[in-house]
Amino acid sequence: MAISTAVWSFALVVGLLTLTPGLDTALILRTSMLGHAHRAWGVVLGVQGGILLWGVFTSLGVTALLTASHLAYECLRWAGAAYLVWLGLRMIRDTFRGGHGSRVPDAAAPEGVDSLLGGVRQGALTNLLNPKVGAFYVAVLPQFIPAGTHQLAMGLLLTLVHIVLGLLWSLVLIGCARLLHQWLRTQRAQRLLDRVTGTVITALGLRLAVSH
């Protein structure tokens, strides 16, 4: 397989994956709709930073431990599920507290603060605690590394393709969300958004917990 063919083929696969609605999409849309532009881009950077680490680990063979060790995979899976359920339930809980409908839960930053760093932490944690991302890279990335190429360099190139596509799609998501920001300025609308997003995130956490 030629390098150009590998790049375009991988771009097609991860492009379809990027367009598939999931946890990252829900977090980016919700944060941006609330008018937290810095935090929304922080979430984007955190997610893409997580993808970069998964790509590096896979190219180095480290993430093969997830597939080789059932215990390692299970520990990461349960940690990720617990974090998602906590994040979703906390988001829902805060909507029942007067005046807190627009809060953005984060363990290390003041709630409601439009913090770039807080978004980075949230995005990175969400991505790195999802073992399915690691399992995807272990299963898919090596198939697009042509024989005879430098494994780490080629793995990083393919990972950067994924990151670029993710950034472009995030730009579209944030742009669309900003159009709805005016409608979401009311506390009632913010509470509705948080309850829907919190429910989705909790459901994804429970799904991760029961999946194998």
So, of the residues in the range 59-99 that are more than 13 Å from residue 132 (Cα to Cα) and of a type in the set (S, T, N, Q), which turns out to be modelled with the highest pLDDT? 59
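Please enumerate the residues belonging to the range 136-175 that are within 15 Å of the chain's Cα centre (by Cα), closer than 15 Å to residue 13 by Cα and open to solvent by less than 30 Å² (accessible area, probe 1.4 Å). Step through it out loud before you land on a result.
Within the range 136-175, the first condition is being within 15 Å of the chain's Cα centre (by Cα), and the residues that meet it are 136-137, 159, 162-171, 173-174.
Cutting the leftovers down to closer than 15 Å to residue 13 by Cα gives us 136-137, 159, 162-166, 169.
Hits for the range 136-175 are 137, 159, 162, 163, 166.
On the basis of being of a type in the set (Gly, Ala, Ser), modelled with pLDDT of 70 or more, open to solvent by less than 40 Å² (accessible area, probe 1.4 Å) and outside any loop (DSSP other than H, G, I, E, B), does residue 123 make the cut? Spell out how you get there, then give the answer.
On the way: of a type in the set (Gly, Ala, Ser): yes; modelled with pLDDT of 70 or more: yes; open to solvent by less than 40 Å² (accessible area, probe 1.4 Å): yes; outside any loop (DSSP other than H, G, I, E, B): yes.
Taking the combined requirement at face value, the residue satisfies it.
The values are calculated or read from the model by the stated rules, or taken from the named source; none is laboratory data. Please read all numbers here as calculations on a predicted model, not as lab measurements. Surface areas here come from the heavy atoms of the whole protein model, side chains and all, with no ligands, DNA or RNA. Shrake-Rupley method; radii C 1.70, N 1.55, O 1.52, S 1.80 Å.
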